[in-house]
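Below: the structure, in structure tokens.
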Amino acid sequence: MLKLVRFRSAIAGIARFRGVSPPTTDLDDGTSPGLAARLGLSGLWRHADFLHFWAADAVSETGSQITLLALPLLAAVTLHASPGQMGLLTAAGTAPSLLFGLIAGVWVDRLRRRRLMMTADIARFLLLLTIPAAWVLGEMRFDLLYVVTFLNGTLRVFFNISYMSYVPDLVGREHLLEANSKLQSTASLAQVTGPALAGVLVGLFGAAYAIFLDALSFLISAGFLKRIRKPEAKPNASGEHPPILRGIGQGLHLVYRNATLRALLLSASCTSLAGYIFLAVYILFMVDDLHLSSSAVGLVFGLGGLGALIGSLLAAPAARRFGIGPAIIGGRILFGLCGAPVPLAVLFPSIALPMVLAAEFSQWLMLLIADVNSMSLRQAITPDRLLGRVNATSTFLVGGAVPIGSLLGGALGELIGIKATLVVGIVGFMFAAVWVIFSPLRTLHEQPAPVEIEEPAAVAAGV
């Protein structure tokens with residue numbers, strides 16, 4: 001109840017950011033506008049079901065930030081993990097995107113997506129409870145951490161694909177950009193405040209009990225999802241369920257044949273690959289080359305989170321001002337260009353920190369403008385019955401690039417040096433923009449209708 005009160009207070013506090021979609025008095029969600037109407041709010045602020053969904057996302061995002069810090073601290077401090085064990089722990093959390101991403105998309109298109117999200121939330125609640133339970137019983141071991149991390153990552157894959165596929169049905173395709181902007185703003189806010197909150201909780205209660213609070217956040221999230229009253233559209237109304245491999249092929253085929261979807265996903269995948277090449281040596285560069293303190297490094301990442309928050313709020317206005325396609329293209333190009341001051345900072349030691357801070361802030365701002373618009377466009381043009389599989393393809397391509405980029409960045413750092421590796425990452429960012437520059441996005445100003453499907457395994461080549 002306390003978290004619900006705080007969330008509603010937060011909504012009132014950031015009411016100045018309303019109006020990211022044309023004013024409307026009826027979103028057909030079957031709910032009373034209530035407080036939002038009395039405050040003069042419009043758009044999804046008056047959509048009670050979306051507010052419940054938004055609250056669920058805000059709570060679970062904040063809770064996940066706790067485990068993101070607490071679990072490695074538990075391994076490093078309590079279990080005295082070696083570098084190899086820490087690497088395995090990271091791999092256990094990221095491997096499910098590659099292993100199950102495409103399969104999850106088929107199941108998301110077969111099942112009720114809200115029910116699947118609630119199931120994943122409750123399962124994660126029960127799963128994370130094993131950590132504090134093992135701590136109390138004195139049975140904390142590495143094999144338990146590996147299993148919990150792997151299963152938690154698997155459930156996260158199913159939840160995230162369901163989440164991305166459910167939003168269009170919840171709010172309607174005409175409100176996708178506003179919905180994704182609001183959802184990404186809370187994710188960015190959690191990125192800013194979550195690590196600090198996690199550090200305080202770990203310091204006060206210990207890592208195991210901090211993870212217990214994350215477990216509770218998933219239970220609260222499931223409770224908010226249960227409060228949604230809008231009936232969910234029946235999955236795959238035709239009643240046909242293709243075999244797993246054929247279902248995966250249909251999603252891949254749609255992405256391959258549609259020029260816009262292909263450009264969006266290849267650009268995002270290249271950005272992810274280059275980003276983790278960059279991140280693999282980024283902290284080493286700040287510490288060893290720029291001689292920044294730990295607090296300065298923390299300030300850099302915190303300012304990046306602030307840039308992400310502002311970028312998520314500017315995504316819809318940018319699409320209205322320049323068109324959704326040009327907003328995506330501009331965001332990708334400027335994301336790469338804004339990273340250039342980072343390797344150059346070593347040449348100007350007196351202003352190195354301001355240069356890195358400016359780069360981090362502006363890069364995240366531009367990245368979120370591109371990403372929010374990209375997600376909204378992908379959801380808008382994908383037929384509902386294939387949303388799960390297309391979102392799964394995105395998870396597979398973008399998430400799968402993370403471990404590859406991390407390994408490649410580490411290897412390049414050894415072979416050509418840290419500064420040269422950063423430059424490789426920035427060149428990769430610019431290459432990612434090429435996919436959207438030479439695509440139908442150049443002339444795409446309005447959100448289009450879903451692509452036409454010629455037959456179950458074939459789609460139109462363009463939007």
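The values are calculated or read from the model by the stated rules, or taken from the named source; none is laboratory data. Here the structure is a predicted model, which is why all the values come from computation and not from measurement. Here the Cβ positions follow ideal geometry from the backbone for every residue, glycine too, while neighbour counts run over all protein chains shown.
Among the residues of the range 107-124, is any outside any helix (DSSP H, G or I) and in the same structural domain as residue 68 (by TED's automatic domain parsing)? Yes, there is a match, as at least one residue in the range 107-124 is outside any helix (DSSP H, G or I) and in the same structural domain as residue 68 (by TED's automatic domain parsing).
Quick test of your reading of the structure: residue 27 fulfils all but one of (1) outside any helix (DSSP H, G or I); (2) more than 18 Å from residue 180 (Cα to Cα); (3) modelled with pLDDT under 75. Name the failing condition by number. Every listed condition holds for residue 27 apart from (2).
No other residue among 296, 237 is at pLDDT below 85, more than 19 Å from residue 373 (Cα to Cα) and not assigned by TED's automatic domain parsing to the domain that holds residue 399 apart from 237. If I ask for residues that are closer than 12 Å to residue 53 by Cβ and acidic (Asp, Glu), which ones from the range 164-199 would you list? The answer is 169, and nothing else.
Yes or no, residue by residue, for (1) among the aliphatic types (A, V, I, L, M); (2) touching a Lys or Arg at 6+ places or on another chain (Cβ under 7 Å); (3) modelled with pLDDT under 80:
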residue: 186; (1), (2), (3): no, no, no
residue: 203; (1), (2), (3): no, no, yes
residue: 208; (1), (2), (3): yes, no, no
residue: 212; (1), (2), (3): no, no, no
residue: 220; (1), (2), (3): yes, yes, no
residue: 228; (1), (2), (3): yes, yes, no
residue: 247; (1), (2), (3): no, yes, yes
residue: 262; (1), (2), (3): no, no, no
residue: 265; (1), (2), (3): yes, no, no
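Just one of the listed residues (130, 149) is under 20 Å from the mean Cα position of the chain (by Cα) and more than 28 Å from residue 46 (Cα to Cα), and it is 149. Starting from the range 413-436, take each residue that is among the aliphatic types (A, V, I, L, M) and at pLDDT below 95 and list its partners that are buried (at least 22 other Cβ atoms within 10 Å of the Cβ) and not in a helix (DSSP H, G or I), counting only C-beta distances under 6 angstrom and pairs at least six apart or across chains. Pairs found: 426/339. In the set 390, 434, only one residue is of a type in the set (Val, Ile, Thr), surrounded by fewer than 24 Cβ atoms within 10 Å (Cβ to Cβ) and assigned to a helix (DSSP H, G or I); that residue is 434.
Residues of the range 404-418 include none that is among the hydrophobic types (A, V, I, L, M, F, W, C) and closer than 18 Å to residue 263 by Cβ. On the given criteria, is residue 273 modelled with pLDDT of 90 or more and in contact with a Lys or Arg (Cβ under 7 Å, 6 or more places away or on another chain)? Considered against the rule, which asks whether it is modelled with pLDDT of 90 or more and in contact with a Lys or Arg (Cβ under 7 Å, 6 or more places away or on another chain), residue 273 comes out as no.
Could you please let me know if residue 117 is within 30 Å of residue 447 (Cα to Cα) and among the aliphatic types (A, V, I, L, M)? When the stated conditions are applied, residue 117 passes them. I need the full set of residues from the range 365-410 which are at pLDDT 85 or above, within 23 Å of residue 421 (Cα to Cα) and under 13 Å from the mean Cα position of the chain (by Cα), in order please. The answer is 367, 398. For the range 141-161, how many residues are closer than 15 Å to residue 72 by Cα and surrounded by 20 or more Cβ atoms within 10 Å (Cβ to Cβ)? Matching residues across the range 141-161 total 4.
Matching residues to (1) crowded, with 17+ Cβ neighbours inside 10 Å; (2) over 29 Å from residue 169 (Cα atoms); (3) in contact with a Pro (Cβ under 8 Å, 6 or more places away or on another chain):
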{"site": "61", "(1), (2), (3)": "yes, no, no"}
{"site": "72", "(1), (2), (3)": "yes, yes, no"}
{"site": "75", "(1), (2), (3)": "yes, yes, no"}
{"site": "79", "(1), (2), (3)": "no, yes, no"}
{"site": "89", "(1), (2), (3)": "yes, yes, yes"}
{"site": "105", "(1), (2), (3)": "yes, no, no"}
{"site": "116", "(1), (2), (3)": "yes, no, no"}
{"site": "120", "(1), (2), (3)": "yes, no, no"}
